[in-house]
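Nothing in this text is a laboratory measurement; each read-out follows from the coordinates by a stated rule. Source: prediction; values computed, not measured. Please note: Cβ atoms are built from the backbone with ideal geometry, for glycine as well, and neighbour counts cover all protein chains shown.
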Amino acid sequence: MLVSQIFNRYRAAIVGTYGLLAVEEILLVSLPWFIGIAIDDSLLHDYQSLGVMAIILVAMIAAGIARRFYDTRLYFSIYNDQVTQLIERKTSVNDDRTELIGHVRLLRVLVDFFEQNIPQCHPQPVCLAGCSGNVGLAVSANFWFGACIARVLVFTD
């Protein structure tokens, strides 16, 4: 079975696990912002934002745990279904057992790719967007600060 066929057959489940991964990564990228707000508010003796930050941390951990439990079951189910179909197809035509074992191992590698490699690549665009926003804010703030300093230096006698 082709990768696209496997993905199309389990599309909703795979998109669900990647959705949980996206939630986990968005919360992770936004965490420094919430920490900054919590620090600023705690300096003013307002500790309510610490509770919000704790809720964000718990939500991030819960999303990560839910995704790991869910995707482990999902990918085991995909592997089990595909291996069962492969064995039924190959044993009915009396193919060589070593070829069957090779196909089963190759199917395990394919399922491992979905389970391990794609989630490792998934956070990169989210982190890149979060970092770009932070860099944009820093450049903008530094530009205006630099412009004010230049104006003071150039236009003062």
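Details
- Residue among 109, 104, 93 that is closer than 22 Å to residue 12 by Cα, without any contact (Cβ under 8 Å) to a residue 60 or more places away in the chain and of a type in the set (Val, Ile, Thr): 109
- Residue 92 being surrounded by 12 or more Cβ atoms within 10 Å (Cβ to Cβ), farther than 17 Å from residue 18 by Cβ and of a type in the set (Gly, Ala, Ser): no
- Pairs with Cβ under 8 Å, 6+ apart, first in region 64-86 and under 20 Å from residue 23 (Cα atoms), second among the aromatic types (Phe, Trp, Tyr) and not in a helix (DSSP H, G or I): 74/10
- Within region 40-59, the set of residues being assigned to a helix (DSSP H, G or I) and more than 21 Å from the chain's Cα centre (by Cα) comprises 40, 41, 42, 43, 48, 49, 50, 51, 52.
- Residues of region 2-58 that are within 30 Å of residue 104 (Cβ to Cβ), among the hydrophobic types (A, V, I, L, M, F, W, C) and surrounded by 15 or more Cβ atoms within 10 Å (Cβ to Cβ): 6, 13, 14, 20, 21.
Table: residues versus (1) touching a residue at least 40 places away in the same chain (Cβ under 8 Å); (2) not in a helix (DSSP H, G or I); (3) not hydrophobic (A, V, I, L, M, F, W, C).
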residue: 6; (1), (2), (3): yes, no, no
residue: 17; (1), (2), (3): yes, no, yes
residue: 20; (1), (2), (3): yes, no, no
residue: 25; (1), (2), (3): yes, no, yes
residue: 35; (1), (2), (3): no, no, no
residue: 38; (1), (2), (3): no, no, no
